[in-house]
Structures are given as structure tokens and as C-alpha cells.
Amino acid sequence: EIRSISQKCKDKQDALEMKDKQIEEINQLFRMKKDEETNRQKKIYQTQKIIEEWQNELDTMAVCENLQPQIDAVNTELKKLQEERANIDNDVSDLKAEKKNQEQEEKRIIGRLGQLNNIMHMKEENLKMRFRDTHSALMWLRNNKDKFKRNTCEPMMLEINVKDSRHAKYIENHISANDMTAFVFECQEDMETFLVEANRQKLKVNAVCAPDKSCAENLPSRPIEELHRYGFFSYLRELFDAPPPVMSYLCYQYHVHDVPVGTKKTRDMIERVIQEANLKQMYTAEEKYVIKVSSYTKQNLSSNTCLKEAQYLTSSVDMDERGQLENQRQDISNMLKSLDARLTALFNRQKLLEHKDNKLRQEKKELLERGNRKRQLESKIGVKYDSLRELEQDAIDLEKEFQLANVRIKEINKQKADLVTELMRLMKTIIPLNKVKVALALQMTRVTAEKNRLQSEYKAGTVQLRAAQQRFYELDNKKQLLYEKCIELMKQARSICRFGPGQDFPEEFQIAFRTLPDTLEEIDAFLNEEKTRASCFTGLSASVVEEYNKQTQEIQQLTEYLEEKKNELNNYKQNISQVKEKWLKLLKVMIEQINGKFSRFFSSMQCVGEVDLHMENEEEYEKYGIRIRVKFHSSTELHELSPYHHSGG
């Protein structure tokens, strides 16, 4: 009832808030109308002001002057600009074409330089493959040129460039292999610095020092033209190019400037050449000749060797061509910079002319618009008058709107008063109910305490019940063992008495057994007593009789104790049976409910499932369990749910 009344109170409060919102909406609507009217007045004022300004401009506008001469002058200037822009466009096109041609030529030159550089790379790879220490020293030299005072030259096989690869064999056969891989220095100090570093790195290298006075320009002993008749066409020095220090060393050490190179013709007339030419060394097409004068006979002695094929200078770079290409590349680079500068100047001129063109067109547009200004003003004034009439027709009566808003607010306030009255009545009704609620809460606290006490007693009783059940299990197991032992003894007794399986005891045996005790222990005791009596039959002493009486009394006590325990066991069994029946009934009802829901869930998936109570022996409660059996396919049987028979979840 409290919740119901509280909900009603909340509804009334919500209704009050809704009424407040309605009042605020009415006030907001009035404010909007007020603002709308204020804006309308402002628009009317602004429109009237614009009309007044345009009307003044129209009244003061003189008779439209003749603007055609000015327009013609602007058109003439525009025509000149267009002609100049066309000329500039042509110049730009020509310069772009020239730039494209120069770029293509630069690309060709770069490609050719790349080919020449590849030849140098091949020569370096040849050096690295044949003379690894020399190559390592070369790498160090290139990275440490700042440590040397004067220029240094790399190994001669890299510095020498044969002009015609067919002549490489003459140079290689003339210069020793050690000098072909030797570094050339211009001063002795630089060479020593290099050799110390090579020794520190344990590198085996060759190094030579060029003569102090350059021999690169030494003249031969005679012009080559004087030897043409013998088939000689050049001296060794003219067959290759090399840096000045290298060329100076070769002229000084190997006299390459004075060793002629001949042809097959030279070989054919070699004897005559040796006798007449007065040469110390010379080359034919395939042989090298060395001529010496005998100290005894003063005759010329010659020795000749076949030329070996060239190994180091077969790939040569035409340094003249390379230098020309580098110069051409620099010229093209300068030309491209000049073309770019000229293009930039033309582009800037284009922008300037475009700006001037836009300015003239704007001036022409303004001149044309001045002629139409009066007609435009008249049209605009007419439109503004129409707009002004519409604004004047849309006037809002604020006094009337204010009165309507007050009437609606008064009506809502009356409704609010009714809601407040109803709310106060509900609050008065809920106060006694809250008092009753407090009293019930106190009563509930007492009942809860009583409930907790009963639950505690129930838990204690449950513990006692479990202990009694455990004791019952132990006695029941013991009974079972005794029962099995009794059956075994019965079989032995029948065997001893020679009874058949279905034969009953004779009457005389039954009569005799009725007089005997019921337990094995008592029978054993009775048997021992009879044996003792038989053995002592000659005479009885008082101690024997006393012992007999004592044993008889003890037997009687044990019999009573056993009877008491049997009764206690029967009571335990009865209690356990009652508890079991009550517990098992509730358990089966619960499992049946679970089974029904489980079956419905599986049916919704087009499958079959059931849940039941599983027990192997009714007395072995610890082995009770829930068994879940399912069938996912119509063609299979129900199987117990397990991770071995069913896959997945």
C-alpha cells in the first residue's frame, strides 16, 4: 500500500513538474513573439533606411555620360595584352622544347659516363680479385688523402688508359708486374707514410716515387717519322694516357717515350732494322726485341721474346672522351639553369600580364555596370517596397498575446493547486502506514532470529543424522559379514552331519539344538565346559564351580547387551528409512522437473535429451548421481553425455 501511495505521490509530483514546464513554454512562446516583433521593427527600420539611401542616389544621379570612348580604350589595351601574352606563350613553348632536348642530351651523356665508370669498376674488381692487399691499401688511401702533402696516384693498372685495347699487350710486356700494381707518389715522405701504414696492416704492396723533375714531356731521340720506313707507327708513350706523375715515372724508368712499336713489316725486315735503326728496345706486331752492343766484337746482339696477352689493361677508359663528356654535361647543366631562369622570368611576366588583364576587365565591367545602375536601383527599390509592405502586414499584437498567456497560466496554476491538495492528502495517508511498517519490521526481526535458531538446530540435527547413518552403515556391513559367515558355517555343519542340500534337521536334532545356546561363542564356551567337565569328572573343586558361575553370569550379560544393540540398530534403520523416503521423494520430484525442462530445451534444437537419478545400490548414498543422456541425430540411440562419445561443447 505504501508503494502504491508513493507511486501516486510521484505521479502528482511529475504532474506538477509538467505544469511548471507548460508555464515555462507559454512564457518562452511569448518571449519568442516579443523577439519576433522586435526583429520585425528592426527590419522595417533597416529596409526604410536602404530605400532612402537608394532613392537619394537615384535622385542625385546625373544624366548618364557617354562611356563608350573609355570602353574602347580599355578594349584596345586588352587587345595589346592578349597579343603580348600570345607571344610569351610561344616563347615558353620554344624554351620548354629546348629544355626537353637538353635534358635528353644530358641523359645520354650521363648514360655514357656510367658506362665509362663501369669500366673503371671492372678494373677495380680485377685488382681486388688478383691483388687483395693492394685493393685494401687502395681503399685506405682513398679515405685518408688528407694525411699526404702532395697528390698521390692509385696503382698504375688503374691509372693507365690504353687508347686502343689492341696495344695493351705492348705496355704490359714493357712494364713489370710489380710496377703495374705500384702506387705512385710525388715525394719520398708521402711514400714512407703509406708504406708504414701498409706494414702496420700487414699488407704486401708496391710503391714508387716519381722523379723530382718531371720526365713526362721528354722527347724521343728521333721523330717517329724517321722510323716509318721500318714499319714503326708510334712510340709506347703515345699509345696510352696517364696522370703526369705516372707518365714521368714510366718515361724515367722504362723510357716509354723512346721505345717504338712496329708492325709485321718490321718483323719481316728485322735484321736490317737491328743493323740500321740503332735502337735499344723495340716491338713488332708479336715480339719484343732488346739490342745490346758486344763489349768485345762491338756488334749488335739481339734477343726477342713473344708478347704475352694483356691481363690488366684490356678494359680502358678514353679519358679524352670522359673529359669531353664531363665538359658537355657541365655546359648542359649551365644551359638548363639559364633556360629555367628565362622560363621563370616569362612566367612572372605572364602573371603580371594576367593581373593587368583582370584589372582591365574589371574596369570594363564597372563601366558597363554604370550605364545600368539607374535601372538596377529602380528595380531594387521596388523589391524593397514589396518587402516593407509584407513586414508591416506581419505585425504582432503583444498586448493581446500577453493577456492570452496570463489566462493560460492562471488555468494551469489552478490545476497545480488541485495537485498539491491531493499530494498533501496522500502524504497524510502514508504516515500511519509507515508506522505500521516499522512495527512489522521489528516483528520480522524477532521472527528472523527464531528462524535462524531453528536453522541452527536443524543443521545440528543433520550432523547427528549423518553420524547415525554412518554408524548404521558400519553395523549393516558387520551384519552382512556375520550373515555370510553363518551361511558358510551352516554349509560346514550340513557337510559334517551328512545332510543333503534340501534335507531338514531330524526331529531329535532340533530338540537337542533348542537346549543349546544361539551364538557360536556360547556354543564354544559350552563345549569347552563339557570338555573340562569330562576331563575333571573324577572330582569337582569349589574354584571350578565358582568359575562356571562367573562365566554363566558373563554370558547372560553379553546376551542382554547384544539384544539391546539389536533393538538400537532396528531403531536406526527405521529412522533412516523414514528420512530416506522423505528426502528421496523430494529429490525425484526435483529431478523430474529438471528432466522436463531439459527435454523441452533439446526438443527446441530438434534433439532428444533426458535427466534421471542414477544409483547402483540404494544403500550407497555417496554413489548417487545425476545421469544426462542425449541424442543429436534421429538415427542414433540415447547415450550418456561424455567427452569421449560426444565432441565439442
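Overview of values
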| read-out | value |
| --- | --- |
| Candidates E581, E619 - the one that is open to solvent by 60 Å² or more (accessible area, probe 1.4 Å), within 30 Å of A467 (Cβ to Cβ) and touching a residue at least 40 places away in the same chain (Cβ under 8 Å) | E619 |
| Filtered residues of the stretch 120-168 (kept if open to solvent by 90 Å² or more (accessible area, probe 1.4 Å) and either β-branched (V, I, T) or assigned to a strand (DSSP E or B) (or both)) | none |
| Restricting the stretch 229-277 to residues that are assigned to a helix (DSSP H, G or I) and among the polar types (S, T, N, Q), the residue that is surrounded by the fewest Cβ atoms within 10 Å (Cβ to Cβ) | Q275 |
| Residue match in the stretch 592-614 (condition: more than 60 Å from the chain's Cα centre (by Cα) and part of a helix (DSSP H, G or I)) | no |
| Selection from the stretch 565-578 of residues that are in contact (Cβ under 8 Å) with a residue 60 or more places away in the chain and either open to solvent by 100 Å² or more (accessible area, probe 1.4 Å) or among the aliphatic types (A, V, I, L, M) (or both) | L569, I576 |
| Residue within the stretch 440-456 that is of a type in the set (D, E), more than 60 Å from the chain's Cα centre (by Cα) and closer than 28 Å to Y572 by Cα present | no |
| Hits in the stretch 544-564 - residues which are surrounded by 11 or more Cβ atoms within 10 Å (Cβ to Cβ) and under 22 Å from D518 (Cβ atoms) | Y548, Q551, T552, E554, I555, L558, T559, L562 |
| Hits in the stretch 278-290 - residues which are open to solvent by less than 50 Å² (accessible area, probe 1.4 Å) and assigned to a loop (DSSP other than H, G, I, E, B) | L279, T284, A285 |
| Residue in the stretch 534-559 that is modelled with the lowest pLDDT, counting only those that are part of a helix (DSSP H, G or I) and among the hydroxyl-bearing types (S, T, Y) | S535 |
| Hits in the stretch 174-210 - residues which are open to solvent by 60 Å² or more (accessible area, probe 1.4 Å) and among the polar types (S, T, N, Q) | N178, Q188, N199, Q201 |
| Restricting the stretch 455-473 to residues that are free of Cβ contacts under 8 Å to residues at least 24 places away in the same chain and open to solvent by less than 90 Å² (accessible area, probe 1.4 Å), the residue that is farthest from W583 (Cα to Cα) | S456 |
| Of all residues making up the stretch 46-55, the number that are open to solvent by 80 Å² or more (accessible area, probe 1.4 Å) and either outside any helix (DSSP H, G or I) or closer than 11 Å to I381 by Cβ (or both) | 2 |
| Yes/no for E226 being in a loop (DSSP other than H, G, I, E, B), over 15 Å from L127 (Cβ atoms), among the charged types (D, E, K, R) and open to solvent by 70 Å² or more (accessible area, probe 1.4 Å) | no |
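Results for (1) of a type in the set (A, V, I, L, M, F, W, C); (2) under 30 Å from K100 (Cβ atoms); (3) modelled with pLDDT of 85 or more; (4) open to solvent by less than 80 Å² (accessible area, probe 1.4 Å), shown as yes or no for each residue.
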| site | (1), (2), (3), (4) |
| --- | --- |
| S294 | no, no, no, yes |
| K308 | no, no, yes, no |
| D320 | no, yes, no, no |
| Q324 | no, yes, no, no |
| R329 | no, yes, no, no |
| N334 | no, yes, yes, yes |
| S338 | no, yes, yes, yes |
| L352 | yes, yes, yes, no |
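Results for (1) in contact with a strand residue (DSSP E or B) (Cβ under 7 Å, 6 or more places away or on another chain); (2) at pLDDT below 85; (3) outside any loop (DSSP other than H, G, I, E, B); (4) farther than 30 Å from E17 by Cα, shown as yes or no for each residue.
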| residue | (1), (2), (3), (4) |
| --- | --- |
| E390 | no, yes, yes, yes |
| I396 | no, yes, no, yes |
| N406 | no, no, yes, no |
| V438 | no, no, yes, yes |
| Y473 | no, no, yes, yes |
| Y483 | no, no, yes, yes |
| F499 | no, yes, no, yes |
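The values are calculated or read from the model by the stated rules, or taken from the named source; none is laboratory data. Computed from a predicted structure; not experimentally measured. FYI the Cβ positions are ideal-geometry reconstructions off the backbone, even for glycines, and counts take in every protein chain you see. Side chains included, ligands, DNA and RNA excluded: accessible areas come from the protein's heavy atoms. Shrake-Rupley method; radii C 1.70, N 1.55, O 1.52, S 1.80 Å.
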